[in-house]
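**Q** Just dropping this structure here.
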């Protein structure tokens, strides 16, 4: 019986691997091209793609002018998806994001005017500059892919992905994102300053937006949806599941630690990371590669502290 189970497992793994190989060349091309635009940030761009394929939204926290908006634009372009950008300000209303019912005098009835959230990739630029009420307008959309206006629910295009940027809280005019909204982001990433050689190259080349326009789309919406479906099929051995539980347990020692939803997010991110590396199964290294980006913002730790926490957990191979 155990031999049959093992054979079935191996057969399923082979089938998943074959399906992943269909997209292997495109994944490689995607990463190569985006790393021509965002220089010296290979790990961050890989994690951003990982977030998209895991159906998880991503929050970039950085100073202005370090390439967050350029990265979002290039991700949308190469993914072949519809793209909208909202520049958040402190006087923005929820209706400016979602849309509003307007009265059509000719038809004598109200019509819903779609807001910029009705897109496939939404760049929420400087999200922490708007009021908490407007920030909360994104919650339902990020969690369910739906918005509700006057008791009517509208379905957003699929795939739907939010890339949000926020400025450090020490800057004036910012509002801290509540924990409930931070939890909606699969990952929190930071680009940081480029290396000296990369910054010199940026000074020598044309604008990044001009470079983006010269690149062809690598994926389309159907490709992304298929890859998201494949992520769910990437297998996780019991040893990896136990490691996930050990990590979660460590976060809960003496503090408000990782929730069950957070563990599921870590699992999904590790599956996506494995797929990008063209594997049909998750390794412990996959979990470690995504741990800080997925966990730190959920439990209120810096990236450094989250990394130290992870290193305290014994790996049982």
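Taken together, the values in this text are just the output of simple stated rules run on the coordinates, not laboratory data. What you see is a predicted model; the values in this text were computed from it and never measured. Cβ: placed from backbone, ideal geometry, glycine included. Neighbour counts: every protein chain shown.
**Q** Could you order the peptides 132-138, 246-252 from most to least packed, using the average number of other C-beta atoms within 10 Å per residue?
**A** Top of the packing list down: 132-138, 246-252.
**Q** Please list 41-50, 12-21 highest first by mean number of surrounding beta-carbon atoms within 10 Å per residue.
**A** Output ranking for 41-50, 12-21: 41-50, 12-21.
**Q** Now for a separate question. Looking at the P(r) of segment 234-317, how many percent of alpha-carbon pairs lie beyond 19 Å?
**A** Value for segment 234-317: 30 percent of Cα pairs lie more than 19 Å apart.
**Q** Starting from the Kirkwood radius over alpha-carbon pairs of segment 127-243, derive D by Stokes-Einstein at 4 °C in a medium of 1.567 mPa s and give it in µm² s⁻¹.
**A** It diffuses with D of about 70 µm²/s by this estimate.
**Q** Could you work out the helix-only [θ] at 222 nm for the chain, with each DSSP H run of four or more residues adding -39,500 (n - 2.57) and the total divided by the number of residues, to the nearest 500 deg cm²/dmol?
**A** Roughly -15000 deg cm²/dmol at 222 nm, from the helical runs in the chain.
**Q** Can you give me the pair-distance distribution of the chain, C-alpha pairs, 10 Å bins, whole percents?
**A** 6, 24, 32, 25, 10, 3, 0, 0
**Q** Please check which bits of segment 145-167 a label hung off residue 114 would reach, taking the label as a point 7 Å along Cα-to-C-beta and the cut-off as backbone N under 14 Å.
**A** Under cut-off, by backbone N: 146-147, 154-161.
**Q** Quote to one decimal, in nm, the extra length available between residue 214 and residue 239 on full extension: 0.36 nm per residue of separation minus the C-alpha distance between them.
**A** Stretched out fully, the residue 214 to residue 239 stretch lengthens by 4.5 nm.
**Q** What is the chain's relative contact order, in percent, from Cα pairs under 8 angstrom and six or more apart in sequence?
**A** 23
**Q** Say each of residue 201 and residue 131 gets a label point 7 Å from the Cα, pointing the same way as Cα to Cβ; how far apart are those two points in nm?
**A** Distance between the two pseudo-spin positions: 4.5 nm.
**Q** Once you treat every alpha carbon in segment 186-298 as an equal point and sum by Debye, what is log10 I(q)/I(0) at q = 0.09, 0.18 Å⁻¹?
**A** Rounded to two decimals, the profile gives -0.37, -0.97.
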